[in-house]
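A.B. asks: Submitted below is the structure of interest, expressed as structure tokens.
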Amino acid sequence: MNVKAEILSKLASLINNVPAASAHTIARSVNGELTIGRIRTLKANVLGVKYEISVADGDVRVDVHDPLSREEDYSRLLLYLINALERALQGKLATPKKLVSLVQLAGGQAAKLYEKKAIDFLTIEMDGSTLEGVRKAVEDIGGVVVEHLNATWSFEVTPLNGVRIRVSFWQGEENVPSGASVLVGQEVEEVGVPIEELVTMIEMTINRFVLFYRKETGRRPKLFYSLYF
């Protein structure tokens with residue numbers, strides 16, 4: 001992965017500044033582990049993208065494995081990983097709180113159109129989905145299947161800083177179309193994730209989940225290749 005020098009420098013600074021006693025807590029903010037020795041190595045998993053970042057004597061190496069091979073995703077998520085490390089080093093750690101809709105958050109009203117676009121994509125592309133395929137895609141994205149009211153299926157993922165994103169889907173019947181909802185943990189306000197970053201994480205969660213589902217099941221797009229095209 002080609003990474004700009006300023007990003008490599010930032011990563012080196014952040015990883016080198018992690019106290020040994022806090023290594024587990026800091027690494028947990030990016031769903032990973034940090035080994036500290038002559039070489040400091042951070043392994044992280046963000047929405048199914050696996051990063052291995054090694055820092056030694058001022059040199060930084062970033063290895064990335066994305067089963068979906070989406071450069072636009074793993075490049076953007078690397079920047080969000082940096083933001084998450086910064087927040088964690090500042091002591092901003094999530095305490096699980098109630099789940100809320102985007103519009104209940106500061107600035108959430110402005111994100112309604114983006115949320116609707118993502119939900120429309122999900123309901124169209126996942127109509128008629130199988131629970132087995134859903135479980136595999138959820139595992140691929142680093143999430144867990146959960147129960148949510150009377151939803152056909154639902155899952156949660158915590159991409160960064162322990163902030164939860166819950167996606168739920170209701171399969172349509174007869175003249176009733178399929179539907180979906182997205183909720184986020186109110187801990188997002190405690191951690192201080194900007195609404196713009198949160199919205200993008202929600203979009204990427206839904207898009208990558210659908211793409212993983214197709215990869216696992218061989219299903220072809222119904223209407224849209226991806227949320228962005």
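A.B. asks: In the structure shown, do any of 43/136; 50/215; 10/136; 10/50 have a Cα-Cα gap over 27 Å, and if so which?
C.D. replies: With Cα atoms farther than 27 Å apart: 10/136.
A.B. asks: Then there is this: Using a 10 Å cut-off around each Cβ, can you sort 38, 61 from fewest to most neighbouring Cβ atoms?
C.D. replies: Ascending number of Cβ neighbours within 10 Å: 38, 61.
A.B. asks: For 14, 81, what's the fewest-to-most ordering of other Cβ within 10 Å of each Cβ?
C.D. replies: The most exposed by this proxy come first: 14, 81.
A.B. asks: Want the number for residue 132 to residue 61: 0.36 nm per residue separation, take away the alpha-carbon distance, what's left?
C.D. replies: Here the answer is 21.9 nm.
A.B. asks: Then there's this: Taking R0 as 25 Å, what FRET efficiency do you get between residue 228 and residue 79 from their Cβ-Cβ distance, rounded to the nearest 0.05?
C.D. replies: The computed FRET efficiency comes out at 0.90.
A.B. asks: Straight-line reach from residue 98: which lysines have Cα under 23 Å away, leaving out those fewer than 8 places along the same chain?
C.D. replies: Within the straight-line limit of under 23 Å, residue 98 reaches these lysines: 112, 116.
A.B. asks: Fewest to most neighbouring Cβ within 10 Å: what's the order for 114, 74, 225?
C.D. replies: The order, fewest Cβ neighbours first, is 225, 114, 74.
A.B. asks: Using only Cα atoms, locate the centre of region 77-146 and the centre of region 208-225, then give the distance between them in Å, rounded to an integer.
C.D. replies: 18 Å
A.B. asks: For the pair residue 71 and residue 21, what calculated FRET efficiency results from E = 1/(1 + (r/R0)^6), where r is the Cβ-Cβ distance and R0 = 35 Å, to the nearest 0.05?
C.D. replies: 0.45
A.B. asks: Additional query: So what is the relative contact order of the chain, in percent, for Cα pairs below 8 Å that sit 6 or more residues apart? Write out the running numbers ahead of the final one.
C.D. replies: Values: 363 pairs, mean separation 45.6, N = 229.
Dividing the mean separation by the residue count of the chain yields 20 percent.
All of the numbers you see were taken from the coordinates with simple rules; none came from a lab. Computed from a predicted structure; not experimentally measured. Virtual Cβ from ideal backbone geometry, glycine too; neighbours counted across all protein chains shown.
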